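Mind having a look at this structure? Questions to follow.
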Amino acid sequence: MIRIVKRTLRWLAFEHGVAKGLYRRICKPTGEELGDFLRRYGRFHHLGEHVSLRPWTNIPDPQYVSIGNNVQLTHCSIFAHDGSIAMLNRAYNVKLDRVDRVVIKDNVYIGHQAIVLPGVTIGPNALVAAGAVVSKDVAEGDIVAGVPARPVGRLDKLVEKLREQTSQLPWAELIEQREGAFDPDMEPQLERYRISYFFGSESTSRW
Amino acid sequence: MIRIVKRTLRWLAFEHGVAKGLYRRICKPTGEELGDFLRRYGRFHHLGEHVSLRPWTNIPDPQYVSIGNNVQLTHCSIFAHDGSIAMLNRAYNVKLDRVDRVVIKDNVYIGHQAIVLPGVTIGPNALVAAGAVVSKDVAEGDIVAGVPARPVGRLDKLVEKLREQTSQLPWAELIEQREGAFDPDMEPQLERYRISYFFGSESTSRW
Amino acid sequence: MIRIVKRTLRWLAFEHGVAKGLYRRICKPTGEELGDFLRRYGRFHHLGEHVSLRPWTNIPDPQYVSIGNNVQLTHCSIFAHDGSIAMLNRAYNVKLDRVDRVVIKDNVYIGHQAIVLPGVTIGPNALVAAGAVVSKDVAEGDIVAGVPARPVGRLDKLVEKLREQTSQLPWAELIEQREGAFDPDMEPQLERYRISYFFGSESTSRW
């Protein structure tokens, strides 16, 4: 019953652009499904393939935002306008305008609570760490972090390190078989492996 | 019909202090209307004219907060109490109290996710950048940014720079005619100008 | 009537694990009651006594998180997984896994919007300031702040300073009599004391 309602809502939203708010609230689309939905209805200047967004990804001016392929946006904010203009106009009796584009290129991850400011271009192949405030362009291949965001590493080196670390895990063989970053069928087994590795067989009371 | 409901809800909330939660949820007041509403019902120690707040502006102790005129508060947090006291009291078997006032003077903007801590005075004529954590007073005319927030510039210099930049925009003439920072009638034309300027006439696929 | 509904909802949720979402939405449990509830139903690896959480405390992987006694979690985030893996796997055609435990020991406070990253151990007796991004262990007794978080002080020194400050307050006698960090019966009197001390007898218009 619920499945039919959800399928109908999804069909209405995707094919007819109807009941879009209801669709998002009831169907709770996954990150990539939300990306597919917003490619059609999100008013973005451009939004590529395999873009994952969260329900709370905060992009108030999508018409000035261009997003490439394989981009993961968490609970972050992307601003194309400067919100202080109204206060400045009244305080200094001036008439200012401050809107600029934001360009996110291919293969970019933007972490939790990160903020991207107007005029910024990020990537390709770049990572913005959680909590970073990005006020300048992020170069191809860079990892940036901090307030304001500064380069702290290179993405290809990070991938090399993570490959090494993954190969050492007791459950490395399972990961080798996994498609993508999450497999619901494999997850219970991974969870048992991980909990035993992280916390051992001791009782939980030792913490 | 909906318009009549909204007008009635607004009237009930503003004139009789009734159904205030419903008013905020249904009528979705603009930032300044919410300021007018909270001046009357928000329990602030003081809240001036032309104060703009967002639905998620987070001010748990308004009775200890004083806000001047022409202040813009985004999705930020202003704390007049120190939340760690309960933990400290139990851990160290002490009886501490840590509540202090927060004073925001005239012509202040506080950016997205910024946090203002107890005891702080900000402004007048000051700007707190997005993501800043303000643990010390912000002097008149200063721009602060970072964690913890430090002075990074002067507001009058920023206004001078923005005036110069605004005058160079292809749509500078429109801005000269605009009242305030947003004119719904002018916005579609501004949007066409901006998109063409930011992204050119090329297809969106170049990103 | 409402009280009976709430009591019934609480009973159903606590004793039978039924209607847990409704319980949280309708009963709006206090921080410690939510801790008691999540100790039973939150899927945490371990969650101790006197743990206080907020409705928006963000812990997406509780099975890999261990939390001690007397811990206060505000509107913060604790991540046991690295969200960028999906993007990296697709961009570099690799198969990475990056999940690690998080251990919060006894007597810890984690401030507003702070972010704790996978692999971190905090405390005991530690304080994470608002807005901090914790990517490394926090040693026993340390106060950390900033992005990334670095030690900025010692908790026992802070408690000593706050004891001194509390003893100087005009309402110090009341605090001496108070149990815990909040007493609803005492609060109105404390509020009068504080407002008079913070803002004096002058009209509010001086700000």
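The values are calculated or read from the model by the stated rules, or taken from the named source; none is laboratory data. Fair warning: this is a prediction, and the values are worked out from it, not measured in the lab. Heads up, the Cβs are rebuilt from the backbone with ideal geometry, glycines too, and the neighbour counts pull from every protein chain shown.
So if I check each of B:Ile115, B:Ile78, B:Ile4, which one is of a type in the set (Val, Ile, Thr) and modelled with pLDDT under 95? Walk me through it before giving the result.
Numbers: B:Ile115 fails: modelled with pLDDT under 95; B:Ile78 fails: modelled with pLDDT under 95.
None of the others qualify; the one that does is B:Ile4.
In the set B:Pro151, B:Pro184, which member is assigned to a strand (DSSP E or B) and more than 11 Å from chain A (Cβ to nearest Cβ)? Step through it out loud before you land on a result.
Working: B:Pro184 fails: assigned to a strand (DSSP E or B).
Unique residue meeting the criteria: B:Pro151.
Just give me the residues in segment B:61-86 being within 10 Å of chain C (Cβ to nearest Cβ), closer than 22 Å to B:Asn125 by Cα and touching an Asp or Glu at 6+ places or on another chain (Cβ under 8 Å), in sequence order.
Across segment B:61-86, the qualifying residues are B:Tyr64, B:Gly68, B:Asn69, B:Phe79, B:Ala80.
Scan segment B:90-100 and give yes if some residue there is crowded, with 16+ Cβ neighbours inside 10 Å, touching a strand residue (DSSP E or B) at 6+ places or on another chain (Cβ under 6 Å) and under 30 Å from C:Arg150 (Cα atoms), otherwise no.
Narrowing segment B:90-100 to residues crowded, with 16+ Cβ neighbours inside 10 Å: B:90-92, B:95-100.
Pick out the ones that are also touching a strand residue (DSSP E or B) at 6+ places or on another chain (Cβ under 6 Å) and you get B:99.
Within this subset, residues satisfying the condition of being under 30 Å from C:Arg150 (Cα atoms) are B:99.
Yes.
Here is a yes/no grid of residues against (1) within 9 Å of chain C (Cβ to nearest Cβ); (2) without any contact (Cβ under 8 Å) to a residue 12 or more places away in the chain; (3) of a type outside the set (Gly, Ala, Ser); (4) more than 20 Å from C:Gly200 (Cα to Cα):
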site: B:His46; (1), (2), (3), (4): yes, no, yes, no
site: B:Glu49; (1), (2), (3), (4): no, no, yes, yes
site: B:Ser52; (1), (2), (3), (4): no, no, no, yes
site: B:Ile59; (1), (2), (3), (4): no, no, yes, yes
site: B:Ala91; (1), (2), (3), (4): yes, yes, no, yes
site: B:Val94; (1), (2), (3), (4): yes, yes, yes, yes
site: B:Val99; (1), (2), (3), (4): yes, no, yes, no
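I'm trying to understand the selection: among the residues of segment B:120-148, which are assigned to a loop (DSSP other than H, G, I, E, B) and touching an Asp or Glu at 6+ places or on another chain (Cβ under 7 Å)?
To start, the set of residues in segment B:120-148 that are assigned to a loop (DSSP other than H, G, I, E, B) comprises B:120, B:123-125, B:129-132, B:135-137, B:139-141, B:146-148.
Listed by number, the residues that qualify are B:Val120, B:Gly123, B:Pro124, B:Asn125, B:Gly141.
Would you tally the residues in segment B:9-21 being surrounded by 13 or more Cβ atoms within 10 Å (Cβ to Cβ) and part of a helix (DSSP H, G or I)? Steps first, please.
Kept after step one, since they are surrounded by 13 or more Cβ atoms within 10 Å (Cβ to Cβ), are these residues of segment B:9-21: B:9-10, B:12-14, B:19-20.
Those still in the list that are part of a helix (DSSP H, G or I) too: B:9-10, B:12-14, B:20.
Looking only at that region, the number is 6.
Rundown of residues vs (1) over 29 Å from A:Ile143 (Cβ atoms); (2) in a strand (DSSP E or B), yes/no style:
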{"site": "C:Phe37", "(1), (2)": "yes, no"}
{"site": "C:Pro60", "(1), (2)": "no, no"}
{"site": "C:Ser66", "(1), (2)": "no, yes"}
{"site": "C:Val94", "(1), (2)": "no, no"}
{"site": "C:Asp97", "(1), (2)": "no, no"}
{"site": "C:Pro118", "(1), (2)": "no, no"}
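Across segment C:105-116, what is the number of residues that are at the interface with chain B (Cβ under 10 Å from one of its Cβ atoms), part of a strand (DSSP E or B) and not aromatic (Phe, Trp, Tyr)?
Residues in segment C:105-116 being at the interface with chain B (Cβ under 10 Å from one of its Cβ atoms), part of a strand (DSSP E or B) and not aromatic (Phe, Trp, Tyr): 2 in total.
Let me ask you something else. Please pick out the residue among B:Ala139, B:Ala130 that is surrounded by 17 or more Cβ atoms within 10 Å (Cβ to Cβ) and either farther than 14 Å from A:Lys95 by Cβ or away from chain C (no Cβ under 14 Å) (or both).
Details: B:Ala139 fails: surrounded by 17 or more Cβ atoms within 10 Å (Cβ to Cβ).
Exactly one of B:Ala139, B:Ala130 is surrounded by 17 or more Cβ atoms within 10 Å (Cβ to Cβ) and either farther than 14 Å from A:Lys95 by Cβ or away from chain C (no Cβ under 14 Å) (or both), namely B:Ala130.
May I ask you to verify whether A:Leu174 is part of a helix (DSSP H, G or I) and buried (at least 18 other Cβ atoms within 10 Å of the Cβ)? Steps first, please.
Working: part of a helix (DSSP H, G or I): yes; buried (at least 18 other Cβ atoms within 10 Å of the Cβ): no.
No; evaluated as a whole, the condition is false for this residue.
(1) out of contact with any strand residue (DSSP E or B) (no Cβ under 8 Å at 6 or more places or on another chain); (2) crowded, with 21+ Cβ neighbours inside 10 Å: which one isn't true of B:Ser84, the others all being true?
(1)
Among the candidates C:Gly119, C:Gly146, which residue alone is among the small types (Gly, Ala, Ser), in contact (Cβ under 8 Å) with a residue 12 or more places away in the chain and farther than 21 Å from B:Ser135 by Cα?
Numbers: C:Gly146 fails: farther than 21 Å from B:Ser135 by Cα.
C:Gly119 is the lone residue from the list that is among the small types (Gly, Ala, Ser), in contact (Cβ under 8 Å) with a residue 12 or more places away in the chain and farther than 21 Å from B:Ser135 by Cα.
What number of residues in segment C:14-45 are over 27 Å from C:Arg101 (Cβ atoms) and over 22 Å from the mean Cα position of the chain (by Cα)?
5
Out of segment A:192-207, which residues are in a helix (DSSP H, G or I) and either surrounded by 12 or more Cβ atoms within 10 Å (Cβ to Cβ) or modelled with pLDDT of 95 or more (or both)?
The initial filter retains those residues of segment A:192-207 that are in a helix (DSSP H, G or I), namely A:192-199, A:204-206.
Within segment A:192-207, A:Arg192, A:Tyr193, A:Arg194, A:Ile195, A:Ser196, A:Tyr197, A:Phe198, A:Phe199, A:Thr204 qualify.
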